[in-house]
Amino acid sequence: MGSERMTPPARTRVRPLPRPSDDTRMPALLAAMRIILHVTVAGLLAIGLVRSLVPAIRSGEHGLVWQIASLAAVFAIVYLAGTVLEKRRSDRSSLGEGQIVVRAQLAWLIAVTLTWLGLMAVHVDFAWLAFPLFFLHLHVVGSRSVPIAIVLVVLLTVTVFLGFWWHEGRLGIGAVVGPVIGAVVAVAMSAAYSLFYAEARTQRRIAAELQATRDHLARSERHAGAMRERERWAQDLHDTLAQGLASVVLLSRAAQEQHSAEPLAGQLQQIERSAVENLAQARALVEQRGPGAGLSAELLATCRTTQDTARSAGSDLTVEFHGPDAGPGGEAGDPPMGAEAATIVLRVAQSALANVLQHARARRCVVTFVVHRDEVTLDVFDDGAGRGDRPEGFGITTMRQRANTAAGTLTVEDAFEPRNGDGATGTVVALSVPRWGERA
């Protein structure tokens, strides 16, 4: 007797989600904004150096030259040190685009601002460095308090006004309009940068959560597949090896009660046949074979084995099989049907007959197998004790699960009312499954 073809559990193939830096341009945009900021600082510093040093060199004011060069060098070193440390920190961050400033950001911002004030006190053309400083103040202080950051931008703008007034003695239209427009643009750019930065963080967080969810789903599917396969093996072992071994135990107990050598020899022969059959079933399970010689022949052999086992155990149980083309000689036909339906019918028959052999205490059992146009049915009737109100055991539960997997039905009920006061009602196991697969 064989088993259905065992297929490995389906594995869920989940492709890893692309990193946000791979599927969005947001980090690239943020990095570009940072580069523009640094280039702007360098350009304005260079312009200020040229416009301040050239007149000082021509006029021979060497002290002023050294003063301007020293302040510019300090400003460049402080600003560059902050950007380098910021870059290293951003490379180590989980987001990748990092922050504009380092950990000691307030101290760094104060140092940059004070150095800028010294440069502007020396020459007015360094006042235009206020434009990138607007953005730095909005970003550093704005992460803590936006109103305070805006107040600082206003103070920087006023400082630029005072610088032009100090050096030129008046305020031109450019000296007023330029810083005001720069402050407004810096506020707008800072707001945009904050929105982009928040969006990038949100995208990374959602992507990480989604990837974790998909990984968990893949693990759950693999675990569920393994559990389904384990359950199928348990069902097969219950319907084949376990039932056969139970027959061996039954025969062994009967043999121990016998005193005559001849009956004992017959029981031992039946024990041997049961062991051989279960060995064949074990090999069929390992080799993933289905019903081999034809379903009707398999059912007929199962009925004969059950009857022989019962007789060897001292019972007078008679097992009859009625199937397609089953003639007086016991030969049975082999009706065409789906492999899944054939396997379910065979397994349910094996399990039901095992229950009759072990629990029913019946004298007669009739197995009826019918192939209809769209379905196949199996009825196993016995005239034994019946189930009564006892709960369903593992065998009946397994039979019902097998039927459900193929959109079939299975019912187990008493055959008739108790008779002769002995409480016997008999049992009928009725199975119906689609002949070629699940019902549409």
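The values are calculated or read from the model by the stated rules, or taken from the named source; none is laboratory data. The structure presented is a predicted model; accordingly, all values stated were derived computationally and were not measured. When we count neighbours, we look across all protein chains shown, and the Cβ atoms used for this are built from the backbone with ideal geometry, even at glycine. SASA here: full protein model, heavy atoms, side chains in, ligands and nucleic acids out. Shrake-Rupley method; radii C 1.70, N 1.55, O 1.52, S 1.80 Å.
Summary table
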| quantity | calculated |
| --- | --- |
| Computed FRET value (nearest 0.05) for D374 with A301, which takes r as the C-beta separation and R₀ as 30 Å | 0.65 |
| Net charge of neighbours whose Cβ lies under 10 Å from the Cβ of V367, counting Lys and Arg as +1 and Asp and Glu as -1 | -3 |
| Two-site FRET efficiency, I77 against A191, from Cβ-Cβ distance with R₀ of 22 Å, rounded to 0.05 | 0.10 |
| P(r), alpha carbons of the range 353-411 - 5 Å bins starting at zero, rounded % | 4, 15, 22, 25, 19, 10, 4, 0 |
| Solvent-accessible surface ranking, highest first, for M337, M227, M399 at 1.4 angstrom | M227, M337, M399 |
| Average accessible surface area per residue within the range 99-215, 1.4 Å rolling probe, Å² | 50 |
